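Contents: one structure, followed by commentary.
The values are calculated or read from the model by the stated rules, or taken from the named source; none is laboratory data. Just so we're clear, the structure is a prediction, and the values are computed from it rather than from any experiment. Counting neighbours? That spans all protein chains shown, and the Cβs are built from the backbone with ideal geometry, glycine included. Side chains are part of the model used for accessible areas, which takes the heavy atoms of the whole protein and leaves out ligands, DNA and RNA. Shrake-Rupley method; radii C 1.70, N 1.55, O 1.52, S 1.80 Å.
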Amino acid sequence: MNSILYIFLPCKKVYPIGVTYLADFIHRRKPEVRQRILDLSLYPDAQRSRAVRDAATEFKPDLVCFSWRDIQIFSPHEGDSSLEHAFNFYFASNPLKRIVASFAGLQQLYRYYSHIRAALSYPWLIAKEFPKAHIMIGGGAFTAFADQLIQKLPEGTIGILGEGEDAILKVIEGQSLENERYILREGKTIRKGQQGAPALLDALTVDLPYLTSIFPQYQEYAGESIGVQSKRGCPYDCAFCLYPYIEGKRVRYRPPSMVVKDISQHYHQWGARRFWFTDAQFITGKEAYPQCTEILERILAEKLEIEWSGYIRTSLITPEMAKLMVRSGVGDLEVAITSGSQEVLNNLHMGFKLERLYDGCRYLAEAGFKGKVILNYSLNSPKETEESLLQSVESYKVVAAILGEERVFPLMFFLGIQPNTDLEQRLLEEGYLSAGYNPLMLTPTSIRKLLYNPAPLNSFIAKACLRAWERKEGSRDPRKWTGSLSQAPKESGPYADKSLIRGIEGNSGRDALLSLEEILRSRQSLRAAKDASEKSVPTPAS
Ligand code: B12
Ligand code: SF4
């Protein structure tokens with residue numbers, strides 16, 4: 001095989017880092033292979049089929065590699081209006097609101113299914129109109145839902161779970177895929193492979209001039225946050241998280257010099273100033289300190305005036321790391337505190353102590369951190385009680401006291417149940433989910449289950465959220481954004497995940513937590529009053 005066309009399936013605009021790494025890897029091993037990248041997100045819906053057809057006609061690929069990043073539409077967080085509609089539909093006391101929400105929900109369901117149908121139509125277009133081309137597919141969304149999606153793809157499509165470098169190389173060299181995580185449908189039979197030793201990342205660095213030549217749409221990403229991967233794998237076990245399933249538990253590091261070379265090339269050649277470490281976790285543990293430290297030191301030494309972010313375990317930030325982070329341009333951070341109760345955290349196997357998380361925030365504050373912190377709470381996790389909910393409210397107050405209230409934005413990020421996670425397994429065992437359920441099939445009942453917020457705490461958590469969202473509707477937080485948020489052009493939004501901005505702009509998460517506190521306290525006083533009156537009623541024995 002001598003030519004590969006990579007097609008990044010449409011999603012909200014985000015730099016298609018996965019396909020750039022794949023194309024770069026193949027180019028280093030097989031420079032004679034012609035390659036092209038087509039990013040469908042940059043076309044309006046109606047022009048996408050045509051863009052696929054034109055690219056395939058002109059480029060005549062032997063292999064078409066589809067990259068499917070996102071499927072999720074019903075996001076479990078308040079930055080996405082679907083959560084609000086779902087809560088209104090299930091919990092609003094005003095019937096009119098329920099009706100309005102049901103229409104909005106139907107529209108969203110329609111968009112969700114159309115999005116999946118459209119994404120599937122492009123591999124079918126290739127299979128029908130270019131039958132000689134081989135088809136492969138991979139990416140985060142494909143990995144998450146491979147069992148379901150492979151059934152809907154043309155027969156013979158080679159699906160790859162997780163990283164794809166070695167698998168694509170093997171396909172173009174005509175080698176067996178037995179040691180790769182492939183999935184393939186032959187009629188009604190599904191064949192799967194197990195990955196042998198995962199690739200080491202010691203030689204991975206992007207040849208930017210080459211990439212520029214095969215990705216003519218790159219200019220669209222000039223002002224956007226560019227993804228850079230510094231390691232693969234996460235050793236933790238957080239019950240709801242799919243990342244170790246996608247990337248593996250063993251952490252593989254890229255040499256810091258190569259990571260910073262990537263950043264520096266994008267900085268000097270494309271003018272990029274904002275970067276996102278796409279690692280499942282930037283600081284995976286104490287073993288990662290030398291690599292993380294060297295990356296940040298090199299950013300400083302090369303005088304790269306950038307702003308960067310990524311998923312960071314605040315509990316692992318030391319005073320030295322905090323100083324380096326701030327000096328090298330750390331921007332806004334998203335911190336998954338999840339709960340203010342250590343017991344709830346332990347039950348989810350989160351592997352950190354709240355006290356260490358607070359310490360990390362303290363070190364950041366002492367180092368002069370000026371960004372925003374989005375504090376994700378997954379209220380109503382297993383083992384949640386009224387008391388633990390109050391501890392979550394307290395934990396927000398602690399972080400706000402350390403970093404300053406104007407910097408801390410709690411966000412209600414309910415647990416979304418994902419396939420192949422420990423949480424899914426537990427809920428199947430408990431009978432909350434039924435065996436063989438289809439995670440892509442959304443109905444009012446399944447959405448209610450998959451946005452994990454079970455009884456008995458569900459109704460007043462929903463009430464607190466709805467109360468807060470209602471109050472903030474149309475209103476904007478008067479405070480000016482700082483850090484990355486103020487520097488980006490208005491229409492594109494600064495933070496890499498734009499949907500989250502909606503949640504933090506009105507700081508409705510803070511309101512939701514405070515409303516929850518109010519509701520819980522009034523329940524407590526009602527209970528206390530009831531207990532007191534019961535005690536004061538004379539009984540025959542007294
Ligand atoms: C970093 C990250 C983000 C960052 C991105 C920042 C940036 N500027 O890039 C932020 C925080 C913004 C983000 C946001 C979201 N994300 Co995100 N994100 C990730 C994360 C952790 C890494 C993705 C990444 O870039 N990896 C590094 C690159 C190199 O890997 P890659 O792109 O996956 O490509 C490799 C393989 O997938 C494979 N591959 C890719 N394509 C192909 C094609 C072929 C043919 C083959 C063979 C292989 C192959 O090979 C590549 C190289 O090895 C993943 C989880 C994970 N650990 O993978 C989730 C993940 C991709 N995100 C996910 C989602 C849902 C989202 C959101 C939609 C969440 C939301 N509801 O708001 C948003 C919106 C994204 C958007 N389009 O704007 C889901 C997607 C699965 C799903 N349910 O659809 C994931 C898998 C997390 C999860 N829930 O499990 N995300
Ligand atoms: S939530 Fe973060 S630390 Fe936990 S397993 Fe997932 S990536 Fe790792």
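Annotations for the structure displayed:
- Scanning segment 248-267 for residues that are away from ligand 2 (no atom under 11 Å from the Cβ) and among the hydrophobic types (A, V, I, L, M, F, W, C), we see that the one that is surrounded by the fewest Cβ atoms within 10 Å (Cβ to Cβ) is 258.
- Those helices (runs of 4 or more DSSP H) of segment 45-157 in which at least 1 residues are touching a Phe, Trp or Tyr at 6+ places or on another chain (Cβ under 8 Å), away from ligand 2 (no atom under 16 Å from the Cβ) and open to solvent by 20 Å² or more (accessible area, probe 1.4 Å), considering only elements entirely within it, cover 48-59, 81-91, 95-129.
- Residues located in segment 294-325, provided they are assigned to a helix (DSSP H, G or I) and under 21 Å from residue 266 (Cα atoms): 294, 295, 296, 297, 298, 299, 300, 301, 325
- Leading residue by the ranking (nearest to residue 324 (Cα to Cα)) among those in segment 367-411 that are open to solvent by 40 Å² or more (accessible area, probe 1.4 Å) and of a type in the set (S, T, N, Q): 391
- Counting only residues that are part of a loop (DSSP other than H, G, I, E, B), farther than 15 Å from residue 255 by Cα and at pLDDT 95 or above, segment 215-232 holds 1 of them.
To keep it simple, each residue is scored yes or no on (1) more than 18 Å from residue 168 (Cβ to Cβ); (2) at pLDDT 95 or above.
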residue	(1), (2)
28	no, no
36	no, yes
54	yes, yes
64	no, yes
67	no, yes
72	yes, no
79	yes, no
82	yes, no
85	yes, no
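- For segment 1-44, the set of residues classified as farther than 19 Å from residue 120 by Cβ, charged (D, E, K, R), open to solvent by 30 Å² or more (accessible area, probe 1.4 Å) and in contact (Cβ under 8 Å) with a residue 60 or more places away in the chain consists of 13, 28, 29, 30, 36, listed by residue number.
- Residue that is farthest from ligand 1 (Cβ to nearest atom) [pool: residues in segment 160-192 that are closer than 15 Å to residue 137 by Cα, among the β-branched types (Val, Ile, Thr) and without any contact (Cβ under 8 Å) to a residue 40 or more places away in the chain]: 183
- Some residue of segment 438-456 being part of a loop (DSSP other than H, G, I, E, B), modelled with pLDDT under 90 and farther than 15 Å from residue 87 by Cα: yes
- Applying the criterion of being within 16 Å of ligand 1 (Cβ to nearest atom) and farther than 16 Å from residue 275 by Cβ to the residues of segment 322-337, the residue that is least open to solvent (accessible area, probe 1.4 Å) is 335.
- In segment 255-312, the residues that are out of contact with any Pro (no Cβ under 8 Å at 6 or more places or on another chain), within 16 Å of ligand 1 (Cβ to nearest atom) and among the aliphatic types (A, V, I, L, M): 258, 259, 263, 272, 283, 288, 306, 312
- Top-ranked residue in segment 271-281 [being surrounded by fewer than 23 Cβ atoms within 10 Å (Cβ to Cβ) and closer than 13 Å to residue 309 by Cβ; ranked as farthest from ligand 2 (Cβ to nearest atom)]: 273
Let's see how each residue does on (1) in contact with a Lys or Arg (Cβ under 7 Å, 6 or more places away or on another chain); (2) free of Cβ contacts under 8 Å to residues at least 12 places away in the same chain; (3) open to solvent by 10 Å² or more (accessible area, probe 1.4 Å); (4) within 24 Å of residue 235 (Cβ to Cβ):
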position	(1), (2), (3), (4)
269	no, no, yes, no
293	no, no, yes, yes
302	no, no, yes, no
320	no, no, yes, yes
339	no, no, no, yes
348	no, no, no, yes
365	no, no, yes, no
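- Scanning segment 223-233 for residues that are touching a Lys or Arg at 6+ places or on another chain (Cβ under 8 Å) and either within 16 Å of ligand 2 (Cβ to nearest atom) or among the polar types (S, T, N, Q) (or both) returns 225, 229, 230, 231, 232, 233.
- Hits in segment 277-291 - residues which are in contact (Cβ under 8 Å) with a residue 40 or more places away in the chain and either within 22 Å of residue 372 (Cα to Cα) or hydroxyl-bearing (Ser, Thr, Tyr) (or both): 277, 278, 279, 280, 281, 282, 284
- Just one residue in the set 245, 289, 236 is away from ligand 2 (no atom under 14 Å from the Cβ) and of a type outside the set (Gly, Ala, Ser); that residue is 289.
- Tallying residues that are surrounded by 13 or more Cβ atoms within 10 Å (Cβ to Cβ) and modelled with pLDDT under 90 within segment 513-535 yields 1.
- Residues in segment 158-182 that are of a type outside the set (Gly, Ala, Ser) and within 16 Å of ligand 2 (Cβ to nearest atom): 163 alone.
- Being of a type in the set (Val, Ile, Thr), open to solvent by less than 10 Å² (accessible area, probe 1.4 Å), touching a residue at least 12 places away in the same chain (Cβ under 8 Å) and within 13 Å of ligand 1 (Cβ to nearest atom) is a property that residue 228 has.
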